[in-house]
1. Kindly indicate whether Tyr331 is touching a residue at least 40 places away in the same chain (Cβ under 8 Å), over 28 Å from Pro464 (Cβ atoms), touching an Asp or Glu at 6+ places or on another chain (Cβ under 6 Å) and surrounded by 13 or more Cβ atoms within 10 Å (Cβ to Cβ).
2. Restricting to strands (runs of 3 or more DSSP E) lying wholly in the range 388-457: which have 1 or more residues that are small (Gly, Ala, Ser)?
3. Quick check, is Val122 assigned by TED's automatic domain parsing to the domain that holds Tyr213, outside any helix (DSSP H, G or I) and buried (at least 22 other Cβ atoms within 10 Å of the Cβ)?
4. Can you find a residue in the range 99-117 that is among the acidic types (Asp, Glu) and over 21 Å from Lys231 (Cβ atoms)?
5. Looking at the range 305-316, I want the residues that are free of Cβ contacts under 8 Å to residues at least 40 places away in the same chain and within 13 Å of Tyr293 (Cβ to Cβ) and have a partner that is of a type in the set (D, E, K, R) and surrounded by fewer than 20 Cβ atoms within 10 Å (Cβ to Cβ) with Cβ atoms under 6 Å, at least 6 apart or on another chain. Which pairs are those?
6. I'd like to verify a number: residues in the range 347-361 that are farther than 18 Å from Ser238 by Cα, surrounded by 13 or more Cβ atoms within 10 Å (Cβ to Cβ) and not aliphatic (A, V, I, L, M), how many?
7. So in the range 195-204, with the set limited to residues that are in contact (Cβ under 8 Å) with a residue 60 or more places away in the chain and in contact with a helix residue (DSSP H, G or I) (Cβ under 8 Å, 6 or more places away or on another chain), which one is surrounded by the fewest Cβ atoms within 10 Å (Cβ to Cβ)?
8. Restricting the search to the range 82-119, which residues are in a loop (DSSP other than H, G, I, E, B) and under 14 Å from Leu191 (Cα atoms)?
Amino acid sequence: MAEINERQRKEKISLYLIRDNTLDDEKFIKFEKVQVPAANLEMPDDVKATLYIKKNPRDTLPSWTKFLTNDQNLSNTVFYPPKSLSAVVVVRANKNIFVLSFGMGFHLFKSHYIERDFGLRVTLNSVEPEQLRSIDKSNFSENPLHSRTQSTKAVDAFELLIDSESDLMYAITGTSKIKEFGSIVTGRDALVFNTNKEFKQIVPILTKAITLYKSKLPKEFSWFDDIKRVKSPDLVNSLVTELIQKLNKNKLSDVWLGEQGIVDWEEQVGYSFYLRGNFVIHETLNIEDLLKYLKDCGRDISYENLEKQNIHIIGPDHKSVQSWRAYNCLYAELKYEDKIYILRAGVWYEIETNFLKVINEYIAKIPLYNKKLPIYDCMTEKEYNNKFKKIVGYEHMDAKNISYGGGQSKIEFCDVIYNKSEWIHVKYYRGSSCLSHLFSQGQVASETFIKEEAFREKLNDKLPPKLQIKDVTIKPNASNYTIIFAIATNKNIPEELPFFSKITLKNAFKNLDALGFKVNLLSIDIDPIILTKKKNKPSKNKKQTTARP
């Protein structure tokens, strides 16, 4: 019986592809972490396979072992030996370099040398489109929402709640239709599958994977290429040059710092750029903090330094539980040679022309507001909104937040009301994040007003008597109201809005229009003196702590 079980055993393989097939192993394998010499494995024909095994870890125990044993009649030696075994195999076959990872083997090679969408594209060409189990995605915003949607049953992508226009998919799991990959396949950077083949029989599987990687995606996933990866080295270099110039000029309106992927918040207390002495822990990632750190260290803001710089996730024991390269934590949107490009997790994407055209045509339908608002001649939005207290016909609503939805959730209904039925949301343009917040805020407040009686009751407490709702139990007619998004900017709107903001605006307009609301846009003129002052305004200090490693 044991012999039968052994024959039926399937091995889990995590398969990566190295971008440049001319590299020596020394370039991408972390030789300081592996045993030497490496072992050459027997393979057929002209295929070469090299096994690298992780060095034995030092016999150190985590601090929590002392917590559990210090006041007990027990030694923390009960936790020995704290060993883990990891390995990678580098396979050179058919003019490609593959890395097969086992255990925690992904720590043994440099991830910036791998083909980042390899596993995902192979999987999209391998799964049954209506038999998916899990999708990892992030949305288009300055603070991208990373999420994983799973199903206990096989479903299609849209039942896993992916929005093909506003979400970027970066991992997928589903039922495999390719026999070489077994019954279930997962794709991210790596292609993950199970096989019952012997190691010497792995080459046909690698060949199948590279063929699928280069194949056209099926029509069910054709939307995936609406935002396609930039593969031209020359174009990538040009985009990086543009980005570094923006960073050095402190033009950060469409550049920010964020987590590279999903984070386990229960297992971390913050982030640090270094681990020496009493290192600083930042509660959140912020681009200004990173640039200041590089400057304080006397280092230029360059691609090379961003690639070398680590961002450590700090655990409760004040040790690094994971680290990312700073460059891979940069998010950006650039317009270059009349095309839009975005940077996510170290990868540049081009917004497909027809996709952008569809978005532009949709938001071009939004009417412009037929009134002018006062010139924006204040340093803060609060000061500007206060001006409406003295203008006949306008009611000031700024900061009159309504607690709703449980916990500490608060909804700002709008900034200004005109003529009872026109709800104006005001924002000074500083980049995609503030605009995305503006559009989302307007959508949430308006939807809640229509759908929730309890919200209307609380809103009445904030409204002046002449604007109060007579009977909050009656569902309002949305067509009686107009939502105005008023943006203080010298740009032409909506055509010159950032791409991320266009997506958010489109979704807000689509949802509000479906409810029956009228939606308008307005550009508020800015006083040139204020514009100059705000450009030179220093950024606020972010909260941070100091801790011992």
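1. no
2. 401-403
3. Considered against the rule, which asks whether it is assigned by TED's automatic domain parsing to the domain that holds Tyr213, outside any helix (DSSP H, G or I) and buried (at least 22 other Cβ atoms within 10 Å of the Cβ), Val122 comes out as no.
4. no
5. Qualifying pairs under 6 Å: Asn305/Arg299.
6. 3
7. Once the filter is applied, the top-ranked residue is Asn196.
8. Glu115, Arg116, Asp117
The values are calculated or read from the model by the stated rules, or taken from the named source; none is laboratory data. Computed from a predicted structure; not experimentally measured. Note that we place each Cβ from the backbone using ideal geometry, even for glycine, and neighbour counts take in every protein chain shown.
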